[in-house]
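Reading through the structure tokens given below for one structure.
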């Protein structure tokens, strides 16, 4: 008997090994991809946290100018109010529209065709003539004055209501929303929840479009006031400059009228008696009945801080009740209200415009922003129980995905400005509410350049921009940081531990950032793992050399504040003020804040920027001269 033995091992080995190798390779590639994605996401998140921390710190710096009331009190042009009796025909008679103007020509009452003409013009980067702007604002004020502080809406089985958050001058986002969701109409109502202006370059166009649709559909397009619908905020964050640049001849009149229009914007909206929509948030003392009864137009620009409340209550000059506005000016309150009542009005407005939700119970001061409060789930539940509500929709906070749900689904944050910090930094979103009041979120992102970039390139762009802003902040506090580092370096070695370096950075900058994670981007490490702390400043370079680095550091730190003060002094919005005015302004401001003075050096620097030798200074040139320029260069080349 013959037995045949067949060996299949050799014939099967090669295919089996190939399959196992392919599986291993796939697993390795998958792990590498996940690891790379995780690292990129970590970089993106800490970049966004840098942006947000600096933004909030900047809002705290705003308080220094708000409390510096001398300028607003001394310069009556700031408190100028446009005559409420001005009519459409007065602007028509006073301001001619030349034949060379090819933009939209509006006639009142406005029609949908007028709104479409505006949309078409703004897509093509045209400006609306100043006469039509003033007429539009005049009509908008007339309509807003008839509206209550809190608007009540109702849904029907044929309608959904769209709620949009912060736009911040990003016209492309508004146009995209209208493209995806349709134009406002009786069948397509909208609520825009404040912060229409500042930061972006098309705030004026956004206001014109929203106000035009408000006039056409006053019952179907609703506007809530945000904390940026405020004269002093606009001075700091760009809207004032935008209007002055676009409307040189009539900018001052437009700004004064806008200030009045902003004061008439409603404070909140309630849908079906169940959904409360307001810009910031609430506190444990929020009283909707009180808010609905106050004179909202009397509450122009209040200071976003709680530390001045006692000062407000104690203000009494010549026997008249005083209040401090958000500009920091002391002036008669304009009413016969007792001090406690005026203070309560101020606090109620402050809370709904500036507050943010947090997961912890309770109501605590909002230290990050310097105004309003952090409110917890228990505060939300208490308000809901009192007013029989089921949902709070608010905006005010940047969200990477355009929205966030908190407090067990009871609080929704909606943020509609995509690419807020940098191209590709975040999505925008809006909410669709049906009659069952079930929210549906629609996300989007305006993409001009990011489609041509891969994920790594997009994250790199965001990270680079965030680190640039952070290094600028570091330079502005160089003296304080150097002193803080020295406290840990008892032997003056120039080196401290990473923990000590991180503690020093946080103690001075107070940005609540993951400093240990950021050390590779901000400081050089020695071979034994210590931080060479002076290397924080190696890649910082001043645009113009000077023998007074401390002065330049100070000017860099307060340049935004100086810009606000400059705009206040620059009554005709010409972009120029006298050297004498600037010098006096800076010295008073420095004295108010307790800043060390450098009189002779400052005088020399200011004179050096008077390029035309006409005794005036262009503030844009001044800012450029002292702007911190970041260059990633080696220590040897610093």
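At-a-glance table
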{"read-out": "Approximate spin-label separation residue 499-residue 99, in nm, with each point projected 7 Å along Cα-to-Cβ", "value": "8.1"}
{"read-out": "Relative contact order (percent, whole number), the range 477-536, Cα cutoff 8 Å, 6+ residue spacing", "value": "36"}
{"read-out": "Prolate/oblate/rounded call for the range 382-476, Cα gyration tensor, a/c under 1.5 rounded", "value": "oblate"}
{"read-out": "Cα gyration tensor, the range 477-536 - rounded (a/c under 1.5), prolate or oblate", "value": "oblate"}
{"read-out": "Burial ranking of peptide ranges 413-421, 136-144, 438-446 (average Cβ count within 10 Å, highest at the top)", "value": "413-421, 136-144, 438-446"}
{"read-out": "Cα shape, the range 374-418, gyration tensor, a/c 1.5 rule", "value": "prolate"}
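Computed from the coordinates by the stated procedures, all read-outs in this text should not be read as laboratory data. Quick caveat: nothing in here was measured; it's all calculated off a predicted structure. Note that we place each Cβ from the backbone using ideal geometry, even for glycine, and neighbour counts take in every protein chain shown.
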